[in-house]
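Input: a single structure, listed below in structure tokens.
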Amino acid sequence: MTTVESNRDAGRARVLIVDDSSLVRLYYRETLEGAGFEVEQAINGIEAMEKVLAEPFDLIVVDVNMPRMDGLSFIRALRSSPSPVAAVPTLVITTEASSQDREDARAAGANFYLVKPVSDADLRRHVACLTGTSR
Amino acid sequence: MAPPEVQRTRAIHVTQEDVRRLCEFLYRRTGMSFDDNKRYYIDRRLAERITATASNSFQSYFATLRSDAEHEIEHLVNAFTVNETYFYREDHQLRCMVSNLLDDILRRKTTGESIRIWSIPCSTGEEPYSIAMWLMENWSEVDKYNIEIVGSDIDTRALKAAADGVYGTRALMRLPRHVIERYFGRIDGNQVRIDPGLRDSVQFTRVNLIDARDMALYRDFDIVFCRNVLIYFDDASRRIAAENLYDCLRPGGYICLGHSETMSRISTLFRVCRFPDAIVYQRPEADHDDS
């Protein structure tokens with residue numbers, strides 16, 4: 001069936017979505033699960049940190065503006081974690097679109113940066129690329 | 001032991017005067033008004049409650065109701081509210097929300113401000129969940145904003161069902177197949193369960209539309225869906241409800257009513273907006289003096 005096909009395509013890469021909006025998490029999760037990725041979620045940087053220390057991920061999709069621990073603080077904490085956690089790639093998706101915001105994300109250790117809104121096709125494409133599962 | 005009790009309550013005679021007292025009480029407490037042409041409807045639900053409370057006369061039941069023993073007012077209200085609906089009902093309003101209302105609302109937003117949408121009464125949750133699904137399926141900017149969806153109802157039993165998120169397959173009749181596959185899991189041949197993520201995207205609360213204290217907790221909504229509840233109210237309660245709703249909206253916010261309802265006959269506070277997909281009512285951007 002198509003689901004099994006796409007699962008194989010994505011190689012069941014594990015993606016952690018970090019966003020404080022439940023609707024946004026649902027939208028990204030539906031988009032990625034529909035493409036065969038395995039998805040976990042966190043509502044802020046602190047919860048995300050607990051998850052990445054407990055289980056392996058191939059990619060972290062992270063928002064910037066979140067309560068308690070924002071996305072860039074999370075990426076900095078991630079990068080200073082012990083290996084192999086420190087090396088997990090991150091895709092920042094945010095409404096902040098200025099070149100300074102991009103530079104800040106890069107300096108924090110983000111691998112890639114997208115500005116919201118992100119279409120489902122774009123999200124799938126970038127996640128596939130960053131997890132090495134694109135054909 | 002129980003059967004003789006039930007037998008007795010079944011035989012209880014309820015007079016026209018009893019019904020009038022009950023309706024008056026219900027009206028004072030909830031604003032819901034029922035007249036004589038709904039007598040059969042009232043009798044049936046009243047009989048249910050008399051049986052459920054094992055009362056041996058209308059007077060005894062009415063005393064229980066007035067003292068609100070065991071939350072009887074709430075049980076009676078639950079019995080009186082009709083809870084049957086389905087997903088994507090009145091989808092022209094959902095289309096209007098995406099095609100017209102959101103663009104206008106976003107003009108007034110500053111970065112990081114939430115979009116707040118209220119479904120009242122939300123009954124068993126079909127409407128607020130429909131709003132969430134519609135936005136995800138049809139609005140390309142859905143991930144750009146923090147969208148808060150609140151579903152409220154006076155009926156606590158309906159709210160519990162809404163939060164449980166279990167539906168009969170009949171409620172899915174208007175949904176495209178891919179939407180069903182995406183957001184529902186099958187329990188058995190007749191029932192489905194809503195996706196936990198979708199469930200978490202809606203907050204459910206109990207609210208009485210004509211209770212200003214209840215309503216004062218709800219402010220700054222951008223869109224309110226308030227369908228087919230004002231028809232239960234008489235003119236006075238309807239106006240109170242409409243004005244309460246006005247206060248719950250942000251300036252420039254919109255209210256969508258049921259297709260048989262018009263705000264113009266209820267309150268002059270709102271501006272009528274005729275969009276291609278729906279007629280909706282707007283709280284004017286700058287408040288005017290309506291005295």
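Residues that are of a type outside the set (Phe, Trp, Tyr) and free of Cβ contacts under 8 Å to residues at least 12 places away in the same chain do not occur anywhere in region B:145-158. Per the conditions (1) part of a strand (DSSP E or B); (2) within 11 Å of chain A (Cβ to nearest Cβ); (3) open to solvent by 10 Å² or more (accessible area, probe 1.4 Å), the sole criterion not satisfied by B:Arg116 is (2). Checking region B:125-139 against the condition returns no match, with no residue being in contact (Cβ under 8 Å) with a residue 12 or more places away in the chain and either outside the structural domain of B:Asp222 (by TED's automatic domain parsing) or of a type in the set (Lys, Arg) (or both). Per the listing B:Ile231, B:Ile240, B:Ile194, the residue uniquely modelled with pLDDT of 95 or more and in contact with a Gly (Cβ under 9 Å, 6 or more places away or on another chain) is B:Ile194.
Looking only at region B:244-281, which residues are within 23 Å of B:Arg95 (Cβ to Cβ) and of a type in the set (Phe, Trp, Tyr)? Lay out the reasoning, then the answer.
So in region B:244-281, the residues within 23 Å of B:Arg95 (Cβ to Cβ) come out as B:245, B:249-250, B:252-264, B:270-281.
Within region B:244-281, B:Tyr254, B:Phe270, B:Phe275, B:Tyr281 qualify.
Among the residues making up region B:210-244, those that are of a type in the set (A, V, I, L, M, F, W, C) and free of Cβ contacts under 8 Å to residues at least 60 places away in the same chain are B:Ala212, B:Met215, B:Ala216, B:Leu217, B:Leu230, B:Ile231, B:Ala236, B:Ala242. The residues of region B:251-270 that are at pLDDT below 95 and not in a loop (DSSP other than H, G, I, E, B), listed by number, are B:Leu257, B:Met263, B:Ser264, B:Arg265. The residues of region B:244-260 that are buried (at least 17 other Cβ atoms within 10 Å of the Cβ) and either out of contact with any Asp or Glu (no Cβ under 9 Å at 6 or more places or on another chain) or within 15 Å of B:Val207 (Cα to Cα) (or both), listed by number, are B:Asn244, B:Leu245, B:Tyr246, B:Cys248, B:Ile255, B:Leu257. Contact annotation: residue pairs with Cβ atoms under 6 Å, 6 or more positions apart or on different chains, pairing a residue in region A:91-107 that is within 14 Å of another protein chain (Cβ to nearest Cβ) and of a type in the set (Val, Ile, Thr) with a partner that is part of a helix (DSSP H, G or I) and open to solvent by less than 50 Å² (accessible area, probe 1.4 Å), are A:Val92/A:Ala105.
Table: residues versus (1) farther than 25 Å from B:Leu209 by Cβ; (2) modelled with pLDDT under 85.
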site: B:Glu5; (1), (2): yes, yes
site: B:Thr15; (1), (2): yes, no
site: B:Arg20; (1), (2): no, no
site: B:Arg39; (1), (2): no, yes
site: B:Asp43; (1), (2): yes, yes
site: B:Ala52; (1), (2): yes, no
site: B:Phe58; (1), (2): yes, no
site: B:Ala63; (1), (2): yes, no
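Look at region B:42-65: where a residue is in contact (Cβ under 8 Å) with a residue 12 or more places away in the chain and a partner is among the small types (Gly, Ala, Ser), sitting 6+ places away or on another chain with Cβ atoms under 7 Å, you get B:Arg45/B:Ala79; B:Glu48/B:Ala79; B:Arg49/B:Ala79; B:Tyr61/B:Ser55.
Being touching a strand residue (DSSP E or B) at 6+ places or on another chain (Cβ under 9 Å), within 18 Å of B:Leu101 (Cα to Cα) and of a type in the set (A, V, I, L, M) narrows it down to one of B:Ile240, B:Ile223, so name that one.
Being touching a strand residue (DSSP E or B) at 6+ places or on another chain (Cβ under 9 Å), within 18 Å of B:Leu101 (Cα to Cα) and of a type in the set (A, V, I, L, M) holds for just one of B:Ile240, B:Ile223, which is B:Ile223.
The values are calculated or read from the model by the stated rules, or taken from the named source; none is laboratory data. Quick caveat: nothing in here was measured; it's all calculated off a predicted structure. FYI the Cβ positions are ideal-geometry reconstructions off the backbone, even for glycines, and counts take in every protein chain you see. SASA here: full protein model, heavy atoms, side chains in, ligands and nucleic acids out. Shrake-Rupley method; radii C 1.70, N 1.55, O 1.52, S 1.80 Å.
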